Amino acid sequence: MSASAMSPDSVAANRHVGAVRATLLCYRVLIRQIVSVGRLAALGALGAIMIVVGWVVGVAGADRDFGSSAMLRDGAGYADAFGLIVIVPIISLVFAAASLGDARDDGTLVYLWLRPMGRAPVAVAAAAVSMTVALPLCVAPTVLGGWLASGRVAGSGDLAVGILTAAALGTAAYSCLFVLLGLLFRKAVLWGIAYVLLWEGLAVGLGDFAARLSLRGYARSVLAHLADVDLGFDPNRLATSIIVLACVSVVSLGLAALRLRHLNVD
């Protein structure tokens, strides 16, 4: 029996797997799909490059004795330019798009479709799987790279906390958004890269209004506030930035669950 032959109403009528149990079941199935040596090696190498370059930037700045304020600004700017615009969205995209995309392509998603459970746990599990793998690969190099680029001057501890918070919130929001993207488009990675490069990479430079339509703009505001560093723009309020990033995560998962409800899988 194919999953496409099952209507949403018939699935709902026979549903008996609880939400928590269903989420754990989906998590165990999906985590095996996205973790591969090739992906971990390639994206881990990207993070290693950021750390090494950050160290070089920090050593160069210390030799020139720019002063602690300038070094902190350099560290924050480096974490923003390399971490928040390259590392965080790209790594989140790769794993989030694969979380359901790989399962859909190899037929694993049919197995989940035949289970008597709701669709929301599938979306939540997909996002959780993506974040499980993406968070350490995104946060660690972004924090270390930015901290090293600051030359470890006084105040670099607060900078590291700001980078960590911004990178973690950004990774969560991107992961949820790209899970949805993976359900809307077959070649989600290509669409996601176009979005990251053409919009996220440019929006902040187009002015404050455009930055408010960019996830990077809010993540970068969190960094600016927590690290108390002037990044050369008018940041959003800290509370507003956190709420927007959280809302993007929740709304994206809600839309993903809705999309899953109406998706036919053969």
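Coordinate-derived values only; no laboratory data. All values reported here derive from a predicted model rather than from experimental measurement. Positions of Cβ are backbone-derived with ideal geometry, glycine not excepted, and every protein chain shown enters the neighbour counts.
Tabulated data
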{"item": "Additional length obtainable on full extension of the chain from Ser68 to Leu46, 0.36 nm per residue less Cα span", "result": "5.1 nm"}
{"item": "Relative contact order (%) - criterion: Cα under 8 Å, at least six apart; region: the chain", "result": "28 percent"}
{"item": "Förster radius 30 Å - calculated FRET efficiency between Leu184 and Asp230 (Cβ-Cβ, nearest 0.05)", "result": "0.20"}
{"item": "Per-peptide average of other Cβ atoms within 10 Å, ordering 36-48, 129-141 highest first", "result": "129-141, 36-48"}
{"item": "With Cα atoms, 0 to 90° folded angle of helix 238-261 axis to the chain main axis", "result": "20 degrees"}
{"item": "Förster radius 25 Å - calculated FRET efficiency between Arg261 and Val110 (Cβ-Cβ, nearest 0.05)", "result": "0.95"}
{"item": "Anisotropy class of segment 14-97 from Cα gyration tensor, a/c 1.5 cut", "result": "prolate"}
{"item": "Amide N of segment 69-95 lying under 18 Å from the label point, which is placed 7 angstrom from the Cα of Ile31 along Cα→Cβ", "result": "95"}
{"item": "Rounded to the nearest 20 debye, dipole of segment 3-261 from Cβ charges on Lys, Arg, Asp, Glu", "result": "1080 debye"}
{"item": "Rg to Rh quotient for the chain, alpha carbon positions, Kirkwood Rh", "result": "1.04"}
{"item": "Peptide ranges 241-254, 160-173 listed from the most packed, as the mean C-beta count within 10 angstrom indicates", "result": "160-173, 241-254"}
{"item": "Computed [θ] at 222 nm, deg cm²/dmol, the chain (DSSP H ≥ 4; -39,500 (n - 2.57); rounded to nearest 500)", "result": "-24000 deg cm²/dmol"}
{"item": "Burial ordering of Leu72, Leu84, fewest other beta-carbon atoms within 10 Å first", "result": "Leu72, Leu84"}
{"item": "Per-peptide average of other Cβ atoms within 10 Å, ordering 143-151, 22-30, 185-193 highest first", "result": "143-151, 22-30, 185-193"}
{"item": "Percentage relative contact order, segment 140-258, counting C-alpha pairs under 8 Å, at least six apart", "result": "32 percent"}
